Amino acid sequence: MRILKTQTLRGPNYWSIRYPNLVLMRLDLEDLADRPSDQIPGFYEALVETLPSLIEHFCSPGHRGGFLSRVRQGTYMGHIIEHVALELQTMAGMPVGFGRTRSAADAGVYQVVFEYQNEQAGRYAARAAVRLCSSLVETGQYPKEELDQDIVDLTEFRLDAALGPSTEAIVRAAETQDIPWMQLSTRAMIQLGYGRYQQRVQATLSSKTSILAVELASDKEGTKQILRNAGVPVPRGTVIYYLDELENAIEDVGGFPIVVKPLDGNHGRGITIDIDTYKAAEDAYEVAKEVSKGVIIERFYRGRDHRVLVINGRVIAVAERVPAHVVGDGKSTIEQLIETTNQDPRRGVGHDNLLTRIEVDRTTWQLLERRGYTLETVLPKDEICYLRATANLSTGGIAIDRTDDIHPDNVWVAQRIAKTIGLDIAGIDVVTTDISKPLREVDGVIVEVNAAPGLRMHVCPSVGIARNVAEPILAMLFPPGQPARMPVVAITGTNGKTTTTRLIAHIFRQTGQMVGYTTTDGIYIGNNMVEPGDTTGPQSAQVILQDPTVEVAVLETARGGILRSGLAFKDCDLGVVLNVAADHMGLGDIETLEDMAHLKSVVAETVRPSGYAVLNADDPLVAAMAQRVKSQVAYFSMDPHNELVRRHAQQGGLAAIYEQGYLSILKGDWLLRIEQAEKVPLTMGGLAPFQIANALAASLAAFAQGVDISYIRQALHTFVASTDQTPGRMNLFNLGRFHALVDYAHNPASYEALGGFVKNWPGRRIGVVGGPGDRRDEDLITLGKLAAQMFDEIVVKEDDDTRGRPRGDAAKWIVHGIEEGTGSATAYQTMLDETEAINTTLDSAPDDGLVVILPESVTRAIDLIKARNPIPQVSLNGTTESTTLLEQYAEVHS
């Protein structure tokens, strides 16, 4: 077996809307292509022995052991590898269950799809599953040490990528509240919400956290001074920087016992408590010095350690923190008790687990030595032996929920402290013998105020009630009435995507909102280009979703991006599907129009229930998508008598139709006319049906999102098929004695749409045509046939990027089509270089003729034409352009 290609899908995709995170592996079974599992001696037995937990896979039989029954009866290796990859991840602590395996167009090749939680782990599981199954086929076994190493490696991927308990809690709460989130590329930051409504968190630092407050909280001595001046009980203490200051410092705080800790420390690092000798104090000073230049000497207060969590000025949770310890049983040594304690399945390495493993270090030895113990000491029954000086969970401590026990006076003190320091989220460390009594009654003190406090002890306490502390954080970031989302509009289809995307963006701009949009020619925010190029994939969409100035996102969504990575968003508010036609066939195993329709329906299926899927009622493949969506549906149609639209409107549904020369909105019994098509520049005086359809789709989408009809009408009046607003989309130039038209038509459907305009031109029509090299031969032949029907003369050129074809091959097949279409009646010549072909054709253009250029590079073609100084005119939106289509078409027909 051989892995041909591995892709990672990160959003709703061709294979699943519900399971966005998928690995797609293209697998060549080679000599196993015709050997199902029941024909491989010993394979079933070896698989069960290696991975007995596969018994839990139901598969298509729908019961426990269902998958293994399929293996026993005979199934192909692609299907088996899918399940093995899922099981390996589950064994490493990443339970996953979704998978699909389908045969590809090439014989013996399969597309194996399975879910992942961690991207690197998913790709590793793909390779490991192939390796494991190959070994079972070839040798009848997979060495245990290799399987163990696979699980170790996968577990490391999981741990390395874990969000951390605080971030995880916030993210899960966001999902519960339907707030979108995404990981940003640096500093472990999470974005909550989209566009201008977004907030960011880094663990429990938030967009609202004051840097001044964080700096103050990090200065432990400065914090104590501020609190002492405010009348808050804090330990007596001082800061020293040299060892010879230690003796005086101890005297200043009132003598032993003392605490020694670094000035700039966290997570309990470098802290030593309950010191009662000068020698121990010197040792503790050296430990603290390893963490910070400054060392704090404080009076030690006896009592229990508590963490009070204050969010947005309110106490939300309280936990008592108990240092790592063991309890004697009268039989086991301390070392054995530690080992037993660490066997608790809740304990592990790092923050990914509810509890942390207890590790023996210098502090442990010091505490044992102070009591005259060693690791070999047998601890008396029920005696507690503390192994850490501090109560941090990260060093093996446990947490006991005390939220319901805290005294109201202490609540007031904690809330006042958070306000005094200026933290939106604060963890206040309190030492007191009884949290249920006022601090001053029991000589309790505030020992520390922490920015970015951990949530683990509150979300998953060892004892007591788990507290939902993430929800108040979200309530602070997104108070009532403040949205987390902005409108997200996604547009797909075979043709017309860019024009419709730009028109929808133009409509929303009339409302005064900042619009971010992606197209085949670049990413735009407002009137500014962020990045040029074909930007119709998920990475470009994320640029818009992450931009803090954007109020509406309009995203052109192409086939390739969905196939390669899935969508950039979990759901959207409007999903517009324009049409489905033959283009890019045979790429990515999309072999039929039905396959293509299924792919493009991903956009419609991700629309939220409160949103609208805007579908072309004149295209049966698009109209059928209504059966797959969970949202409302709005149809557009060029036929006012379309039966589907009529039934839909009668049932109260929303639609847009072209009737009696008007673009109109239809709902129930009422009709709202937007504008006459002939007054919409994009439609070339109402003579370009495909542009009328695009205008209908855009108008309907905006209306469904609540845009006032006056804004829609204004946008239609001012949107022109110019090089500024729609580069490469029906850009017509007046070059004096002839005209030139630039359009990005590159598939049969777009050629046919373009032909509706070109065939009506009264003069001679010359086409400069080509086709992308990654299209099938038959597709290129079809382009040649359609060109022959459209033009009097043809110049066949080729793209600079032949996409794997030999130079001249694509042009050869287009010429075949021209000859088949006209029997050589149409004059044609081949000129492979695009620049040469354009210049030569423009140089020899006949009077009153129309040169139609279908370029690979729209920018280059437009630049070549502009170099010839086309006649400028003032267009309908008041800007200086080449003559608008409406004006020029009227001029030609006058």
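From Cα pairs below 8 angstrom and at least 6 apart in sequence, can you work out the relative contact order of region 468-542, rounded to a whole percent?
Working: 62 pairs, mean separation 12.0, N = 75.
The value is 16 percent.
Less than 5 angstrom separates the built amide H of E659 from those of S664, all sequence-distant by 5 or more or on a different chain.
Rounded to whole Hz and in sequence order, give me ³J(HN,Hα) for region 418-428 from the Karplus expression 6.51 cos²θ - 1.76 cosθ + 1.60, θ = phi - 60°, writing x for Gly and Pro. Karplus values, whole Hz, x for Gly and Pro: 4, 5, 5, 6, x, 8, 6, 10, 10, x, 9.
With Cα atoms as the point set, the radius of gyration and Dmax of region 236-363 evaluate to 17.6, 50 Å.
The distance separating the Cα centre of region 637-688 from that of region 398-446 comes to 66 Å. Using every pair of distinct Cα positions in region 425-544, the Kirkwood expression returns a hydrodynamic radius of 19.5 angstrom.
Listed here are the pairs K497/K785; K208/K419; K497/K667; K679/K785; which of them are more than 23 Å apart at the Cα? Walk me through the intermediate numbers first.
Working: K497/K785 25 Å; K208/K419 13 Å; K497/K667 25 Å; K679/K785 34 Å.
Beyond 23 Å: K497/K785; K497/K667; K679/K785.
According to the calculation over all Cα-Cα pairs in region 543-596, the P(r) per 5 Å bin from zero is 4, 14, 23, 23, 15, 11, 6, 3, 0 %.
One equal scatterer on each Cα of region 179-253, no solvent, Debye formula: the resulting log10 I(q)/I(0) at q = 0.11, 0.14, 0.17, 0.22 Å⁻¹ is -0.52, -0.67, -0.77, -0.99.
Computed on region 117-195, with alpha-carbon pairs under 8 angstrom and 6+ residues apart, the relative contact order is 21 percent.
Write down the Å³ per residue value for the convex hull defined by the alpha carbon atoms of region 582-726.
127
P(r) for region 119-248: what percent of alpha-carbon pairs falls in each 10 Å bin, starting at zero? It works out to 9, 22, 19, 19, 16, 9, 5, 1, in whole percents. Roughly how many Å² of L309 are accessible to a 1.4 Å probe, to the nearest 10? Ignoring ligands and nucleic acids, L309 comes out at about 0 Å². Based on every Cα atom in the chain, Rg and the maximum pairwise Cα distance Dmax equal 35.0, 109 Å. Rg/Rh for region 361-430 stands at 1.15; both radii use Cα atoms, and Rh follows the Kirkwood definition. In terms of packing, defined here as the mean over residues of other Cβ atoms within 10 angstrom, the peptides 519-532, 843-856, 85-98 line up highest first as 85-98, 843-856, 519-532.
Could you rank T340, T209, T420, T606 by how accessible they are, 1.4 Å probe, largest area first? Let's see the in-between values first.
Values: T340 85, T209 30, T420 55, T606 0 Å².
Highest to lowest solvent-accessible surface, that is T340, T420, T209, T606.
Order Y194, Y19, Y612 by their accessible area, 1.4 angstrom probe, all chains in place, largest first. If you can, show how the numbers build up before the last one.
On the way: Y194 10, Y19 65, Y612 35 Å².
Order by accessible area, largest first: Y19, Y612, Y194.
Residues whose amide H lies under 5 Å from that of V232, counting only those 5 or more places away or on a different chain, are absent; hydrogens are built 1.01 Å from N in the peptide plane.
Largest first, what is the accessible-area ranking of W15, W761, W181 with a 1.4 Å probe?
Numbers: W15 50, W761 10, W181 80 Å².
Solvent-accessible surface, decreasing: W181, W15, W761.
Taking Cα pairs under 8 Å and at least six residues apart, what relative contact order does the chain come out at, in percent? Averaging sequence separation for qualifying contacts and normalising by length gives 8 percent for the chain.
Taken as Cα centroids, region 542-620 and region 304-342 sit 51 Å apart, rounded to the nearest whole angstrom.
The phi torsions of region 209-216, fed into the Karplus equation with coefficients 6.51, -1.76 and 1.60 and a -60° offset, translate into couplings of 6, 7, 5, 5, 5, 5, 4, 5 Hz, rounded to whole numbers, with Gly and Pro shown as x. The charge dipole of region 371-415, taken about its Cα centre with unit charges on the Cβ of Lys, Arg, Asp and Glu (plus for the first two, minus for the last two), comes to roughly 240 debye.
The values are calculated or read from the model by the stated rules, or taken from the named source; none is laboratory data. Every value quoted in this text rests on a predicted model; they were computed, and no experiment measured them. Quick reminder, even Gly has a Cβ in these numbers, built from the backbone with ideal geometry, and neighbours come from all protein chains shown. SASA here: full protein model, heavy atoms, side chains in, ligands and nucleic acids out. Shrake-Rupley method; radii C 1.70, N 1.55, O 1.52, S 1.80 Å.
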